[in-house]
Amino acid sequence: MKIRIEIDNDAEEEVIIRTRQIDERTAAIEQALSEVLAGQTGFPFYQNEKEFFFPLKDILFFETQNKEVMAHTREQVYQVKMRLYELEEKLPSSFLRVSKSTIVNVAHIHSIEKNITGASEVEFAGTYKKIYVSRGYYKVLKEKMDNRRYRV
């Protein structure tokens with residue numbers, strides 16, 4: 001497979017994948033590109049009447065609070081005008097549901113303290129914020145973390 005980048009200051013940015021057939025590699029490349037683009041654009045976040053736009057990579061986790069979905073960064077909390085299940089469909093694969101009320105950005109997890117009798121605690125680097133992972137979601141999160149660990 002060849003990779004070619006052409007610089008044309010007058011052209012609209014476009015990515016073309018030229019292939020004989022769509023196979024696993026081609027589908028993986030398309031998925032990766034889609035996730036990169038989704039992570040750059042994001043969608044609007046709100047604090048009161050003010051709208052904010054920033055990359056999804058800045059989000060630590062989403063959680064429901066009093067029937068509202070909140071997005072947490074290291075320093076701030078923003079409202080999202082979507083339901084958690086809608087977010088789950090639109091977010092890149094670095095996000096994972098870890099409880100009935102929480103979706104986490106796996107890229108920001110600093111530590112997981114497993115609790116056999118209940119929910120495990122997840123901590124993030126550079127902030128006091130923590131979330132809890134339900135027992136039923138722990139195995140999937142652990143697998144995702146193990147896969148992340150081996151990527152360079």
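The values are calculated or read from the model by the stated rules, or taken from the named source; none is laboratory data. Here the structure is a predicted model, which means the values were calculated and not measured. Neighbour counts are summed over all protein chains in view; Cβ atoms, including those assigned to glycine, are modelled from backbone coordinates with ideal geometry. These accessible areas exclude ligands, DNA and RNA; they are computed on the full protein's heavy atoms, side chains included. Shrake-Rupley method; radii C 1.70, N 1.55, O 1.52, S 1.80 Å.
What the table shows:
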| quantity | calculated |
| --- | --- |
| Shape call, region 85-152: gyration tensor on alpha carbons, a/c limit 1.5 | rounded |
| Residue-wise HN-Hα coupling along region 112-119, computed from phi with Karplus coefficients 6.51, -1.76, 1.60 (Hz; x: Gly, Pro) | 10, 9, 6, 10, 5, 8, x, 6 |
| Long-range HN-HN contacts of residue 131 with modeled amide H, under 5 Å | 122 |
| Rg and Dmax [Cα atoms of the chain; Å; Rg one decimal, Dmax integer] | 18.0, 60 |
| In nm, spacing of pseudo-spin labels at residue 48 and residue 100 (7 Å Cα→C-beta vector) | 3.4 nm |
| Over the chain, relative contact order from alpha-carbon pairs under 8 Å, at least 6 apart, % | 13 percent |
| Residue 26 - accessible surface, heavy atoms, 1.4 Å probe, Å² rounded to 10 | 20 Å² |
| Helix axis angle, 135-149 relative to the chain longest principal axis, alpha carbon, degrees | 40 degrees |
| Packing-based ranking, highest mean first, of 71-77, 10-16 given that Cβ atoms within 10 Å are counted | 71-77, 10-16 |
| Over the chain: helical MRE at 222 nm, DSSP H runs n ≥ 4 each giving -39500 (n - 2.57), nearest 500 | -8500 deg cm²/dmol |
| Folded to 0 to 90 degrees: helix 24-41 orientation relative to the chain principal axis, Cα | 70 degrees |
| Phi-based couplings in Hz for region 64-78 (Karplus 6.51, -1.76, 1.60; Gly and Pro marked x) | 8, 9, 6, 6, 10, 9, 10, 9, 10, 9, 4, 10, 10, 10, 10 |
